Structure formats: structure tokens, C-alpha cells
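Reading through the C-alpha cells given below for one structure.
The values are calculated or read from the model by the stated rules, or taken from the named source; none is laboratory data. Nothing here was measured: the structure is a model prediction, and the numbers come from that model. Note: ideal-geometry Cβ built from the backbone for every residue, glycine included; neighbour counts use all protein chains shown. Protein only, heavy atoms only, side chains kept; ligands, DNA and RNA dropped before computing areas. Shrake-Rupley method; radii C 1.70, N 1.55, O 1.52, S 1.80 Å.
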Amino acid sequence: MFDKILIANRGEISLRVIRACREMGIHSVAVHSTADSDAMHVRMADEAICIGPPSSTDSYLSIPAIISACEITGAQAIHPGYGFLSENANFVQIVEDHDLTFIGPTAEHIRVMGDKITAKETMKQLGVPCVPGSDGGVPDLETAKTVAAEVGFPVIIKATAGGGGRGMKLAETAEDLESAFFTARAEGKAAFGNDEVYIEKYLGRPRHIEIQVFGDGKGNAIHLGERDCSLQRRHQKVFEEAPGPAIDAETRAKIGKVCADAVAQINYIGAGTIEFLYEDGEFYFIEMNTRLQVEHPVTEAIFGVDLVREQIRVAAGLPMSFTQDELQINGHSIEVRINAEKLPNFSPCPGRITQYHAPGGLGVRMDSALYDGYSIPPYYDSLIGKLIVHGRDRPEALARLNRALGELIVDGVDTTIPLFNALLQEDDILKGDYNIHWLEKWLASHL
Ligand code: ADP
């Protein structure tokens with residue numbers, strides 16, 4: 001096992017990894033920008049090292065600075081968290097070239113899954129059902145027209161390098177195709193330096209269902225059921241739950257096995273998420289994330305496992321600490337993302353926290369790096385906390401969420417807390433009756 005792990009991240013996910021390290025008796029090293037000198041992850045880690053100025057490009061994304069920090073502190077492995085360098089194949093290669101261990105999959109798996117076209121081709125070959133659409137990239141408008149006519153409108157044009165909801169454009173009809181095609185290409189180019197796009201059938205009312213998988217890198221893999229992340233704004237998740245209200249045990253076992261078998265076949269190592277759209281009882285693969293997800297705690301809650309601990313174990317060459325048969329679902333869990341954002345436009349709202357009080361009690365987990373007097377810097381993303389509840393069943397989890405939101409105090413900045421209070425008044429939410437468009441429609445008429 002490692003003696004020392006460096007966490008190449010900040011905020012709540014950095015704390016999440018530090019906590020796992022501490023329970024495993026591993027020393028933790030935090031890295032931080034000059035804007036984060038007072039951040040909680042710096043205080044909580046065993047050691048901290050400044051790696052650059054506020055801009056992420058010069059600090060949390062600076063590969064030389066992070067490698068140097070490992071060498072200075074003697075850290076043997078790097079946990080990337082999510083975002084930043086977590087899905088950067090080049091980074092993984094450099095880490096390995098320095099005889100350090102990357103806690104995550106191989107550079108090759110990251111590369112394949114990071115390009116949505118090669119990801120889809122690979123998944124198709126591995127027997128995973130995909131959204132109907134173009135076979136690979138669509139080089140020009142003429143091809144786009146032919147493919148779209150075959151697939152049938154509406155279609156969605158997606159940048160193969162896209163992420164975070166960027167580089168995706170809907171064409172409702174043939175008239176929209178030209179502008180959707182060129183806009184998706186331009187966005188892909190501007191945001192990711194790659195203008196290759198592909199076409200998919202646009203599904204009208206699917207749910208976003210993702211399967212958590214985990215491999216040991218030696219041909220063994222398991223699944224930990226699904227999360228329903230359909231409640232999204234601008235393709236960004238805000239509320240996630242497990243198990244999915246629309247998925248029964250048989251459906252779960254079937255798609256879970258398809259996913260576990262797929263990643264076993266490629267000797268996948270560590271945590272991964274296979275994302276699907278789910279409509280009329282059918283699953284359609286959209287992408288795979290080769291890292292720990294923001295919403296992993298809902299899976300941890302219902303299975304009673306520590307996914308970060310497992311990531312560290314397999315990275316150190318140890319086996320996973322459970323088998324598929326040992327994994328049983330217990331109850332229901334919901335996570336809501338607390339962002340420092342001002343409604344109704346969700347504009348970022350950095351600033352000083354004058355008072356912070358975290359909820360507690362049975363079945364409540366608050367993952368946050370906030371504290372009284374902390375100043376949220378304006379340079380990074382607006383997620384400031386995740387409130388996760390666990391109950392014996394969905395109604396109990398909802399009641400607990402309502403109760404915990406009532407206890408949570410975040411003063412000094414605007415947050416998304418009022419959104420969740422309002423959502424908990426909605427019949428559809430209480431019944432679990434929603435799809436990927438529900439929240440946008442609701443926001444348009446309520447905010
Ligand atoms: P990103 O990498 O930017 O997160 P994804 O491919 O994971 O992009 O898609 C994000 C979201 O966009 C999905 O959860 C869904 O809401 C919507 N979406 C993606 N593909 C389709 C599709 N073919 N039809 C309808 N909605 C889609």
C-alpha cells in the first residue's frame with residue numbers, strides 16, 4: 001500500500017480523498033493555488049504545497065507543478081478527483097513516466113473513452129447498446145444531411161471531444177441542420193480544440209441513467225447499479241438518486257451485467273461510469289466517464305461501500321474488497337448539488353461565507369469544504385457542497401432531504417438551496433416521474 005498520496009484537486013472532492021486516506025493510514029498531500037491558501041483541503045491534509053497562481057491553467061492543471069509536488073513530498077501516487085486532470089491521458093502518461101501511480105484507469109482507456117466517437121465504437125463492439133446515428137465522424141454538411149435523413153429528425157450534433165454539456169446542438173428539422181452542424185463544430189473547436197462531430201437520434205423524453213462500474217485491471221469487474229441523473233439544467237446534473245425510480249431489479253441486473261462484462265473485457269481498472277439515455281425500456285449508451293463522479297456518494301450510500309478506498313486499493317495492486325454477489329442494495333439515496341449561484345439565472349456567486357452550518361443526524365452526509373468566514377474564490381467551479389441523504393426507502397429519503405435542507409445554513413452568498421426546497425413541493429419529484437427535460441420546463445415556468 002502507498003505511504004503517501006497527493007490529491008491533484010481542491011474543494012469537497014479533495015476532502016473526500018483525504019478522508020479515505022486517513023482511514024487507510026495513508027499520508028495525504030494537498031496542492032493549492034495562491035487563491036486557495038486558506039482552503040479547507042489545505043488545512044485538512046497532512047501536508048500542503050502551493051503549485052501556482054489562481055488561474056487553473058497555471059496551478060491545478062499544471063502538470064510540471066504537480067509532478068514536482070510529488071517529488072518534493074515523496075508522494076507515490078496521485079488521486080485526480082474529478083474535473084481538472086482526471087481525464088487527461090497525457091497527464092497519466094507523464095505520471096507513469098515518473099514512476100508514480102495514477103489512481104484511475106490507464107492512459108489508453110482514458111484516450112479511447114475521452115473521444116466520444118471511439119468510445120461509442122468500442123462500446124458497440126463490447127455489446128453495449130448505443131444511440132442510433134452516424135457511424136463515426138461526419139466530415140461535411142452533405143454527409144450530415146444524408147445521415148440525418150436516415151436517422152430521422154430530430155437529431156443532435158455532438159462534438160466528439162465535447163463535455164460538460166458543451167459542443168452539443170439540436171436540429172429539430174432539416175432547416176436547423178446547417179446551423180446546428182456548424183455551431184457544434186465551432187464549439188468543439190473553441191472549447192476542446194477538435195471540430196470533429198457526429199450525429200445521434202435525439203431522444204424525446206429519456207431519463208439519464210448511469211451505471212457505476214469498477215474493475216481490478218486484471219479482467220475482473222463488477223457493477224454497482226444505477227444512478228438516475230435526469231434532473232439537469234443545460235445538460236448539467238443538479239439532483240441525483242439511486243436506485244433509479246424507473247429501474248427494477250431485473251432491468252438493473254441485465255444492464256449492469258452488460259456494463260461489467262464490457263469493462264472486464266478491456267481489463268479496465270478503477271471506477272468508471274457508463275452513461276445511458278433510457279426510454280421505453282431501452283438503454284442507449286452516450287458516454288463513459290473514466291473517473292469518480294460528483295454523484296458517487298448515492299451509490300456508496302445504498303451499497304455501503306467506499307469507492308475511493310476501492311480506487312486506492314486496486315491502484316496499489318490489491319483486489320476489490322467485494323464480489324458482485326456481496327453487493328446488495330439497501331434503501332434509497334438522494335444527492336443535491338449546492339452551488340454558489342444566484343437564481344433565476346444560476347449566475348456564479350462567489351464571496352464570503354458569513355455563516356455555515358451543516359445538517360446532521362441519521363442518514364445525512366454533507367460533503368463540503370465550506371467553513372465560517374471562508375471566501376469562495378471566483379476562479380473555479382461553483383459547486384460548494386453536496387448534501388446526500390439515505391433512507392430505508394424513497395419516501396424516507398425525500399423526507400430526510402427536506403429535513404436536512406431545513407437545517408443547512410449557508411449565509412453570505414446565494415445558493416441553489418431554494419431550488420431544492422421548491423422541487424420538494426412538486427408532485428412529479430415526489431413520485432419520481434421526470435425525464436431529462438423536466439427541470440428545464442419547470443424552471444421556465446417557475447423562476
Ligand atoms: P457531456 O459529455 O457534455 O456531458 P453527454 O453526451 O453525456 O454530454 O450528454 C449530456 C446530456 O445531454 C445527457 O444527459 C442528455 O440530457 C443530453 N443528450 C445527450 N445525447 C442526447 C440524445 N441523443 N438525445 C437526447 N438528449 C441527449
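The single condition among (1) within 10 Å of the ligand (Cβ to nearest atom); (2) closer than 30 Å to Gly432 by Cβ that Ile211 does not satisfy is (1). Evaluated against (1) among the β-branched types (Val, Ile, Thr); (2) within 22 Å of Phe84 (Cβ to Cβ); (3) in contact with a helix residue (DSSP H, G or I) (Cβ under 7 Å, 6 or more places away or on another chain), Val314 falls short on exactly one condition, (3). Of the helices (runs of 4 or more DSSP H) entirely within the range 361-447, those holding at least 2 residues that are basic (Lys, Arg) and modelled with pLDDT of 95 or more occupy 394-407. Within the range 1-57, the residues that satisfy the criterion of being of a type in the set (A, V, I, L, M, F, W, C) and in a helix (DSSP H, G or I) are Ile13, Leu15, Val17, Ile18, Ala20, Cys21, Ala35, Met40, Val42, Met44. Annotation note: of Ala77, Ala69, Ala65, Ala48, the sole residue that is open to solvent by less than 10 Å² (accessible area, probe 1.4 Å), among the aliphatic types (A, V, I, L, M) and more than 23 Å from the chain's Cα centre (by Cα) is Ala69.
The single condition among (1) open to solvent by less than 20 Å² (accessible area, probe 1.4 Å); (2) within 16 Å of the ligand (Cβ to nearest atom); (3) farther than 25 Å from Phe420 by Cα that Pro206 does not satisfy is (3). Could you say whether any residue in the range 332-350 is more than 28 Å from Leu447 (Cα to Cα) and either open to solvent by 50 Å² or more (accessible area, probe 1.4 Å) or not small (Gly, Ala, Ser) (or both)? Taking every residue of the range 332-350 in turn, at least one turns out to be more than 28 Å from Leu447 (Cα to Cα) and either open to solvent by 50 Å² or more (accessible area, probe 1.4 Å) or not small (Gly, Ala, Ser) (or both).
Here Glu295 passes the criteria (1) in contact with a Cys (Cβ under 7 Å, 6 or more places away or on another chain); (2) surrounded by fewer than 23 Cβ atoms within 10 Å (Cβ to Cβ) except the one numbered (2). Looking across the range 17-39, the residues that are out of contact with any Lys or Arg (no Cβ under 9 Å at 6 or more places or on another chain), open to solvent by 10 Å² or more (accessible area, probe 1.4 Å) and over 23 Å from Pro53 (Cβ atoms) come down to Arg19, Arg22, Gly25.
Annotation note: of Lys124, Lys116, the sole residue that is in contact with an Asp or Glu (Cβ under 8 Å, 6 or more places away or on another chain), among the charged types (D, E, K, R) and either away from the ligand (no atom under 16 Å from the Cβ) or within 29 Å of Glu200 (Cα to Cα) (or both) is Lys116. The set of residues in the range 170-202 that are in contact with a helix residue (DSSP H, G or I) (Cβ under 7 Å, 6 or more places away or on another chain), open to solvent by less than 10 Å² (accessible area, probe 1.4 Å) and more than 10 Å from the ligand (Cβ to nearest atom) comprises Ala171, Leu177, Phe181, Val197, Tyr198. Do we have any residue at all in the range 148-169 that's more than 10 Å from the ligand (Cβ to nearest atom) and more than 27 Å from Glu282 (Cα to Cα)? No, that holds for no residue. Within the range 366-383, the set of residues being in contact with a Gly (Cβ under 8 Å, 6 or more places away or on another chain), open to solvent by less than 50 Å² (accessible area, probe 1.4 Å) and closer than 11 Å to Ile353 by Cα comprises Leu370, Ile376. Being open to solvent by less than 30 Å² (accessible area, probe 1.4 Å) and either at pLDDT below 95 or more than 17 Å from Asn194 (Cβ to Cβ) (or both) is true of Gly162. The residues of the range 247-287 that are within 15 Å of the ligand (Cβ to nearest atom), among the aliphatic types (A, V, I, L, M) and open to solvent by 10 Å² or more (accessible area, probe 1.4 Å), listed by number, are Leu277, Ile286. Screening Lys120 on (1) buried (at least 23 other Cβ atoms within 10 Å of the Cβ); (2) closer than 14 Å to Ile5 by Cα; (3) touching a residue at least 40 places away in the same chain (Cβ under 8 Å) shows it passes everything except condition (2). Residue count for the range 237-246, restricted to those that are surrounded by fewer than 24 Cβ atoms within 10 Å (Cβ to Cβ), closer than 28 Å to Thr323 by Cβ and either within 10 Å of the ligand (Cβ to nearest atom) or not aliphatic (A, V, I, L, M) (or both): 3.
Scanning the range 306-333 for residues that are part of a loop (DSSP other than H, G, I, E, B) and acidic (Asp, Glu) returns a single hit, Asp306. Across the range 195-211, a minimum of one residue is classified as out of contact with any Lys or Arg (no Cβ under 8 Å at 6 or more places or on another chain), among the small types (Gly, Ala, Ser) and not in a strand (DSSP E or B).
Would you point out the residue of the range 224-236, among those that are out of contact with any Leu (no Cβ under 7 Å at 6 or more places or on another chain) and within 12 Å of the ligand (Cβ to nearest atom), that is nearest to Gly385 (Cα to Cα)? The qualifying residue nearest to Gly385 (Cα to Cα) is Gln236.
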